[in-house]
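For reference, the structure is listed below as structure tokens.
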Amino acid sequence: MTESDIFYRSTVRIEPWGEGDLPLLKKLLGDPAMTEHLGGPESDEQLVKRQARYERLTPDGKGQMFKIVYEATGEAVGSVGYWDTTHHGENIYEMGWSVLPAFQGQGIASAAVAQVLAIVQPDGTYRSLHAFPSIHNPSSNAVCRKLGFTLIEECEFEYPRGSFMRCNDWRLELSTGN
């Protein structure tokens with residue numbers, strides 16, 4: 001861990017996603033610049049449905065979404081989370097994150113992802129967690145590399161539903177799972 005990692009872990013915190021977080025979701029997934037590597041912006045209707053899914057994840061026992069909060073201002077600057085899914089016939093956790101442009105390039109995504117990994121690692125539900133950043137998103141691929149994920153393969157991935165893109169499949173082994 002570098003000195004800057006220690007600095008950023010203490011400058012951001014994650015908080016469970018909640019009812020009042022739709023405006024943040026609109027900034028993250030309703031903006032063409034923010035969704036350049038994700039198949040484009042989602043409509044207001046899609047975002048309302050996604051907000052409801054994010055709120056249901058934890059009570060349904062299928063993962064959890066968090067907002068990333070910048071400690072100095074208390075401002076929500078991104079999202080990070082994990083959810084259960086199936087990949088190549090294996091039950092896994094999938095993970096994703098997004099940070100607003102003004103806060104990118106400062107180690108915030110890495111710090112937030114590391115905080116979520118600390119929650120997921122001892123969970124024991126699944127053997128692995130995967131992230132699928134676009135092959136054209138060097139920043140998200142760097143987060144995976146920095147945090148010890150193993151690059152498995154380049155693959156075609158559907159996100160959002162109906163939109164396919166070329167991604168890297170990054171895997172992180174978790175504590176013994178089922």
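Every number here is computed from the coordinates shown, using simple stated rules; none is lab data. Predicted model, so just to flag it, every value in this text is computed and none were measured. With ideal geometry, Cβ positions are generated from the backbone for all residues, glycine too; neighbour counts draw on all protein chains shown.
From the C-alpha gyration tensor of the chain, pull out the three semi-axes of the equivalent ellipsoid (sqrt of 5λ each), sorted largest to smallest, in whole Å. Don't skip to the end; give the middle numbers.
Details: eigenvalues 91, 82, 61 Å².
Equivalent ellipsoid of the chain: 21, 20, 17 Å, largest first.
Extending each Cα 7 Å along its Cβ direction at D84 and D60, get the distance between those two points in nm, one decimal.
1.1
Could you tell me the center-to-center distance, by alpha carbons, between the stretch 126-178 and the stretch 58-111 in angstrom?
13
For the residue pair D31 and Q115, what label-to-label distance in nm results when each label sits 7 Å from Cα along the Cα-to-beta-carbon direction?
1.9
Say R0 is 30 Å: what FRET efficiency, to the nearest 0.05, do E75 and S163 get from their beta-carbon distance?
E(calc), rounded to 0.05, equals 0.50.
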